[in-house]
Amino acid sequence: MISVPDFQKMKRAGEKIVVATCYDYTSALILNGTDIDVLLVGDSLAMTMHGFPSTLSATVEMMALHTAAVARGAKDKFIIADLPFLSYRKSLSDSVEAAGVLMRAGAQAVKLEGADGNLELIAHLVASGVPVMGHLGLTPQAVNQLGGYHVQGKTDDDARKMMVDALALEEAGCFALVLECVPSSLADAVTEKLSIATIGIGAGAGTDGQVLVYQDMLGLNTAFKPKFVKYFMKGAEGVARAMNDYAAEVKSGEFPGDENSFGPSGMAKDTGASERVRRLRADDGGPARGPHAAGKARARGK
């Protein structure tokens, strides 16, 4: 498992940091055995796992539930959990408590969006032992303010503001920074300027690492494919094909077969089982009956 200091070490060494989102125990078990460096329990789970139209519906309780599930399945991975919408815009004590809930659930760090109004909290969290990852560019929690999911930092003023914010987040104590949907040239400039690691998503290849959403990269979410997503497998097609194969075998009687059934011993079904069933049926001279068949037969004098 990598640790917080490893992010900077990997940046200096030119070793890319690989991040993937993860939201559940089964996926965490799979990812725990892969070369992925970091798992992000993103507030995107509000959309991918719960079907909401944006990340704004994520709550601290929801994030903690999923973080705990991922932590149980991925014991060898560094886990970061998103602080959800408005959870860190309350009083300082309430914001710290929200971060504490996620850390106690199993996260090794938390992530929050934006710099304005967050610097004091970040410094306080870091001083309290909570590692913080920043997030600039397209910040989904501000989607209403941004007017939708658009590339950020396109004008000179916006690019300068993003650089100022990035440096402020580093100064406040962030150990790494996500850059989402920004021009590659701007992401490159921010990456070169900062001593902390940058993790890109739709920010080109010059960042210190990359992050993608689990369902997106596996081709499970075919209804939504942003430019920055690459399908590393056609997951939706594979799942649908498997389900159709299952349905066909059940309807034809091919499944379950003997290898999927139990014999009288409780083990796999054996070749003598059918003979024993035949004898049981023959005992009463007809088809097998329910559990009280023998008593009813005696009552009839048979």
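Which condition from (1) over 19 Å from Thr21 (Cβ atoms); (2) touching a residue at least 12 places away in the same chain (Cβ under 8 Å) is the one that Ser93 breaks?
If we test Ser93 against (1) over 19 Å from Thr21 (Cβ atoms); (2) touching a residue at least 12 places away in the same chain (Cβ under 8 Å), just (2) comes out false.
Considering only the range 10-88, give the helices (runs of 4 or more DSSP H) lying wholly within it that have at least 3 residues that are surrounded by fewer than 20 Cβ atoms within 10 Å (Cβ to Cβ). Walk me through it before giving the result.
On the way: elements: 25-32, 45-48, 60-73.
Once the helices (runs of 4 or more DSSP H) in the range 10-88 are filtered for at least 3 residues that are surrounded by fewer than 20 Cβ atoms within 10 Å (Cβ to Cβ), what remains is 25-32, 60-73.
Taking Lys75, is it out of contact with any Leu (no Cβ under 9 Å at 6 or more places or on another chain), closer than 26 Å to Val18 by Cα and in the same structural domain as Gly117 (by TED's automatic domain parsing)? Walk me through how you get there before you give the answer.
Numbers: out of contact with any Leu (no Cβ under 9 Å at 6 or more places or on another chain): yes; closer than 26 Å to Val18 by Cα: yes; in the same structural domain as Gly117 (by TED's automatic domain parsing): yes.
When the stated conditions are applied, Lys75 passes them.
Tell me the residue from Leu136, Leu125, Leu102 that is crowded, with 17+ Cβ neighbours inside 10 Å, in a strand (DSSP E or B) and modelled with pLDDT of 95 or more, please. Steps first, answer last, please.
Working: Leu125 fails: in a strand (DSSP E or B); Leu102 fails: in a strand (DSSP E or B).
Leu136 is the lone residue from the list that is crowded, with 17+ Cβ neighbours inside 10 Å, in a strand (DSSP E or B) and modelled with pLDDT of 95 or more.
Assess whether Phe255 counts as being at pLDDT 95 or above, outside any helix (DSSP H, G or I) and of a type in the set (Phe, Trp, Tyr). Before you say what the answer is, go through the steps one by one.
Working: at pLDDT 95 or above: yes; outside any helix (DSSP H, G or I): yes; of a type in the set (Phe, Trp, Tyr): yes.
So Phe255 fits the description; yes.
Could you list, in sequence order, all residues of the range 105-122 that are of a type in the set (Val, Ile, Thr) and in a strand (DSSP E or B)?
Result: Val110, single match.
Being outside any loop (DSSP other than H, G, I, E, B) and either farther than 20 Å from Ile199 by Cβ or not assigned by TED's automatic domain parsing to the domain that holds Phe175 (or both): is that true of Val96 here? I'd like the intermediate steps shown before the answer.
Details: outside any loop (DSSP other than H, G, I, E, B): yes; either farther than 20 Å from Ile199 by Cβ or not assigned by TED's automatic domain parsing to the domain that holds Phe175 (or both): yes.
In short, yes.
The values are calculated or read from the model by the stated rules, or taken from the named source; none is laboratory data. The structure presented is a predicted model; accordingly, all values stated were derived computationally and were not measured. Every residue, glycine among them, receives a Cβ derived from its backbone with ideal geometry; neighbour counts consider all protein chains shown.
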